[in-house]
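Enquirer: This is the structure I want to talk about, given as structure tokens.
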Amino acid sequence: MAADNARRIFDDRVQLVPNPYLAADGADGLFLVTEWNEFRQPDFARVKAAMKQPILFDGRNIWNPKRLREIGFTYYGVGRAS
């Protein structure tokens, strides 16, 4: 939804991809900064398998920290106690 604005603002400094799973491909970490439904319940096994390092930063605190840690993610909820 925001791709046109992002391209205008960031030009080629940010790579935009057509789906959330491509964003995880080879990533050292992922930051969640939106509450859009497509990001609420991803296939975390697929996300983890795509990443170099399974590190998540949840800027909206919509994911379950305990569950993510149990399946092997390093999880940081922004504004949450550790």
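The values are calculated or read from the model by the stated rules, or taken from the named source; none is laboratory data. This structure is a prediction, so every number in the text was calculated from the model and none was measured. We place every Cβ from the backbone using ideal geometry, glycine too, and count neighbours over all the protein chains shown. Areas reflect the complete protein model, heavy atoms only, side chains present, ligands, DNA and RNA absent. Shrake-Rupley method; radii C 1.70, N 1.55, O 1.52, S 1.80 Å.
Enquirer: Out of region 1-67, which trypsin sites (Lys or Arg not before Pro) are coil in DSSP terms and have no more than 13 other C-beta atoms within 10 Å?
Expert: Taking region 1-67 and a limit of 13 other Cβ atoms within 10 Å, the loop trypsin sites (Lys or Arg not before Pro) found are 40, 52.
Enquirer: Mean shadow of the chain, computed from the convex hull of its alpha carbons, in nm²?
Expert: It is 5.7 nm².
Enquirer: Here's something else I'd like to know. For region 14-82, build the charge dipole from Cβ charges (+1 Lys, Arg; -1 Asp, Glu) around the Cα centre, then report which of 64, 32, 50 sits farthest towards its positive end.
Expert: Going by the charge dipole, the pick is 64.
Enquirer: To the nearest 500 deg cm²/dmol, what mean residue ellipticity at 222 nm is calculated for the chain from DSSP H runs of n ≥ 4 alone, each contributing -39,500 (n - 2.57), summed and divided by the residues?
Expert: That calculation yields -7500 deg cm²/dmol at 222 nm.
Enquirer: Cα-Cα pairs above 13 Å in region 1-46: how many percent?
Expert: 65 percent
Enquirer: Shifting gears a bit: How much accessible area per residue does the chain have, counting only protein heavy atoms and a probe of 1.4 Å, in square angstrom?
Expert: 74 Å²
Enquirer: Do any GluC sites (Glu not before Pro) in region 1-77 lie in a DSSP loop with no more than 14 other beta carbon atoms within 10 Å, and if so, which?
Expert: Listed in order of number, the matching sites are 35.
Enquirer: What is the dipole size for the chain, taken about its Cα centre, with +1 at each Lys and Arg Cβ and -1 at each Asp and Glu Cβ, in debye to the nearest 20?
Expert: Approximately 300 debye in magnitude.
Enquirer: Still on this structure, I have one more. Using a 1.4 Å probe on the protein chains only, how many percent of the accessible area of the chain belongs to carbon and sulfur?
Expert: 50 percent
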